[in-house]
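Remarks on the structure that follows.
Read-outs throughout are calculated quantities, based only on the coordinates presented, and are distinct from any laboratory measurement. Bear in mind the structure is a predicted one, so any value in this text is a computation, not a measurement. Every residue, glycine among them, receives a Cβ derived from its backbone with ideal geometry; neighbour counts consider all protein chains shown.
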């Protein structure tokens with residue numbers, strides 16, 4: 001499991017505790033890689049404290065903030081296991097929702113993405129109206145770019161088979177918040193099966209994404225990534 005974190009000393013400890021308790025109770029082999037992406041608070045200290053009690057919790061520390069996509073990619077380089085999950089540090093998606101993604105992978109998916117847009121029995125999504133509207137607008141763009149059939153590309157709870165993760169993450173070029181779209185575009189282009197799975201999700205205070213300031217940057221990131229992929233595909237012919 002990979003958790004990207006930037007200035008998360010306030011939110012990360014509780015979520016990390018839940019994650020560790022979940023995996024310990026499961027009884028299977030596990031590891032958690034927290035990538036501190038240039039935090040200016042005690043994010044790294046929180047991870048080291050948990051790692052002292054549970055060596056399966058590891059820290060990757062960057063001196064400078066380089067972006068969520070960069071942090072997830074760095075974590076996936078050292079992650080292990082047959083399945084590889086990345087999840088946001090705020091705990092908006094409870095770690096127990098991993099069971100839903102694992103079921104999709106076991107059933108044949110190569111990539112299982114959590115979705116706040118799909119409905120399913122026992123699934124409740126609590127989000128602010130402006131975030132829901134922004135998500136719908138962003139997904140229309142993702143559909144236009146080639147991600148037809150996916151209702152929520154941006155949920156920060158995605159799982160991969162080891163083979164898919166090893167193939168996709170080294171190819172990732174988007175370092176910021178728009179990396180999810182490039183990742184899914186590459187998954188489809190490479191022939192990996194992507195399944196979308198409804199998950200419980202609850203909006204958390206302290207979001208790192210600002211629609212007004214980060215939205216244009218995300219748009220530029222995914223358009224640039226799409227252009228880069230088309231050039232790659234053209235040169236491969």
Query raised in the report: Seen from all sides and averaged, what is the projected area of the convex hull of the Cα atoms in the stretch 10-146, in nm²?
Result: 10.1
Report task. Could I have the simple spin-label model distance between residue 120 and residue 193, label points 7 Å from Cα toward Cβ, reported in nm to one decimal? Result -> 1.6
Query raised in the report: Hey, with R₀ at 41 Å, roughly what FRET efficiency would residue 166 and residue 128 work out to, going by the Cβ-Cβ distance, to 0.05?
Result: 0.65
Requested in this report: Counting only C-alpha contacts under 8 Å and six or more residues apart, can you give the relative contact order of the stretch 56-182 as a whole percent?
Outcome: 44
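For every helix of n ≥ 4 consecutive DSSP H residues, a contribution of -39,500 (n - 2.57) applies; sum these over the chain, divide by its total residues, and give [θ] at 222 nm rounded to the nearest 500 deg cm²/dmol.
Values: 8 runs with 107 residues, N = 237.
Calculated mean residue ellipticity at 222 nm is -14500 deg cm²/dmol.
Run the numbers on the chain and let me know its relative contact order in percent, using alpha-carbon pairs under 8 Å that are six or more apart. Can you show the working numbers first?
Working: 400 pairs, mean separation 54.7, N = 237.
It rounds to 23 percent for the chain.
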Report summary line: Longest principal axis of the chain (C-alpha) makes with the long axis of helix 129-145 (C-alpha) an angle, in degrees to the nearest 10, of 50
Query raised in the report: Tell me, 184, 140, 145 in order of fewest to most beta-carbon neighbours within 10 Å?
Result: 140, 145, 184
Query - Inter-label distance for residue 217 and residue 99, nm, one decimal - labels placed 7 Å from Cα along Cα-to-Cβ - result: 3.8
